[in-house]
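This report concerns only the one structure given below.
The values are calculated or read from the model by the stated rules, or taken from the named source; none is laboratory data. Every value quoted in this text rests on a predicted model; they were computed, and no experiment measured them. Cβ sites come from the backbone with ideal geometry, for glycine too, and all protein chains shown count toward neighbours.
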Amino acid sequence: MREPAGTRLPVIFDDLDVGINLHDPTTNEILDANARLEELYGYSADVLRTMGVGDYTAPSTKFSQDEANRLIQRAADGEPQTFHWQIERSNGELRWVRIHLSSTCIDGDRCVISEVQDVTEYRARERRLRLLSRIIRHNLRNKTNVIMGYADRVRQAVEDETIEQEIETVLDITTEVGGLSDSVKQIEEIAEPDATERSQTDLRAVARSLVADARETHPNASFSVIAPESVWVIADKGIRYAIEHAVRNAVEHNDRETPSVTVSVESGDRDGHGVVRVADDGPPIPDTEVEVLKQDVETSSTYHGTGVGLWVILWCVESLGGELVFEENTPRGNVVSISLPKAAEPPSGDE
């Protein structure tokens, strides 16, 4: 059997609704790609032939050229490979894909064929369903049980001086339950890709608006906005939900008498991206609540308001093809960074 030289996909592959590309089993290089793969990645087959895996892999994804080569070689040796991988399209948008590699022969040439399916919406829906199930089965039920317990204590302590403290606790928990319900509603809204219309959005304007609202809601906190210029992205109301939750968490989970929150908007280190950073001076976000965003969790686990809010932020950002990063602030606190692909500034008068 011959090794491929200029092997190309049959034209009929351009009619498929799944991305297809061919790899040389010896050099692992891309030989050809169908129209669907070009559309998905945002690069032509000619350009893809000149690129390495790292050129179109999401920055936060630990997927190297060496690992890609190993998977291709296993497929070439007769062991089909299936895995999920996050790509970065030519416009900076991040998408999750499912890849299946297998050995094949085209016109007598031995090569490895790669079937690439966009599973971004599938992954998002699956994870939302798991969280909604967890909220309904555990969080809301547990909070309701606590409310019932405190209500019973209030009933018994009508003549007690601690009644004001008991009532305050009931109100706090009720507020938290209400917050969970709001989060569920937002999750349901972004679960539908066509639920909201995307348009050119100025991150500076969104940040200023949300901070103005936060100043009224949390008069005991100190807020500042650093946004010297407009930064335009393509977004829907999911970006408002994401920033709103980040700001709310920065205040409500802060142990200082006067929490300090700074929202900055700027062009990111990566070309073609706009970044919103929400920095606070509170205690660090628990590692467990950050790690759970990256992996599956046992359904017996219970997550509180902070964790649910982080899920909302993550899904809003992912639905817009962006990236969410958590970092430590100096000398104390957290920095939540939201990065989205930039858009052209609209003509004057369209803002």
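Things to note:
- Pick from region 226-236, criterion within 10 Å of Arg204 (Cα to Cα) and outside any strand (DSSP E or B), ranking: nearest to the chain's Cα centre (by Cα): Val231
- Ala221 vs. criteria closer than 20 Å to Glu318 by Cβ and out of contact with any Gly (no Cβ under 6 Å at 6 or more places or on another chain): no
- Scope region 237-275; condition of a type in the set (Val, Ile, Thr) and either touching a residue at least 40 places away in the same chain (Cβ under 8 Å) or assigned to a loop (DSSP other than H, G, I, E, B) (or both); matching residues: Ile239, Ile243, Thr258, Val261, Val263, Val265, Val275
- Residue check for Asp17: out of contact with any Cys (no Cβ under 9 Å at 6 or more places or on another chain), surrounded by fewer than 17 Cβ atoms within 10 Å (Cβ to Cβ) and not in a loop (DSSP other than H, G, I, E, B): no
- Residue within region 24-43 that is in a loop (DSSP other than H, G, I, E, B) and closer than 27 Å to His273 by Cα present: yes
- Test: Arg128 is buried (at least 16 other Cβ atoms within 10 Å of the Cβ) and either touching a Ser or Thr at 6+ places or on another chain (Cβ under 8 Å) or at pLDDT below 65 (or both): no
- Count of region 311-350 residues, restricted to those that are in contact (Cβ under 8 Å) with a residue 60 or more places away in the chain and exposed (fewer than 12 other Cβ atoms within 10 Å of the Cβ), is 2.
- Residue satisfying all of: in region 44-66; assigned to a helix (DSSP H, G or I) and either free of Cβ contacts under 8 Å to residues at least 12 places away in the same chain or of a type in the set (Gly, Ala, Ser) (or both); farthest from His273 (Cα to Cα) among these: Asp66
- Test: Ser222 is surrounded by fewer than 20 Cβ atoms within 10 Å (Cβ to Cβ), within 20 Å of Val325 (Cα to Cα), polar (S, T, N, Q) and at pLDDT 95 or above: no
Residues checked against (1) more than 22 Å from Thr120 (Cα to Cα); (2) modelled with pLDDT of 95 or more; (3) crowded, with 19+ Cβ neighbours inside 10 Å:
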| residue | (1), (2), (3) |
| --- | --- |
| His23 | yes, no, yes |
| Leu31 | yes, no, yes |
| Thr50 | yes, no, no |
| Tyr56 | no, no, no |
| Thr61 | no, no, no |
| Leu94 | no, no, yes |
| Ser102 | yes, yes, no |
| Ile106 | yes, no, no |
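- Qualifying residue in region 8-16 (condition: in contact with a strand residue (DSSP E or B) (Cβ under 6 Å, 6 or more places away or on another chain), among the aliphatic types (A, V, I, L, M) and more than 23 Å from Gly321 (Cα to Cα)): yes
- No other residue among Val112, Val119, Val97, Val47 is in contact with an Asp or Glu (Cβ under 7 Å, 6 or more places away or on another chain) and among the hydrophobic types (A, V, I, L, M, F, W, C) apart from Val97.
- Identity of the residue in region 266-294, closer than 30 Å to Glu229 by Cβ and of a type in the set (A, V, I, L, M), that ends up modelled with the lowest pLDDT: Ile285
- Yes/no for Val297 being among the β-branched types (Val, Ile, Thr) and either buried (at least 18 other Cβ atoms within 10 Å of the Cβ) or modelled with pLDDT of 95 or more (or both): no
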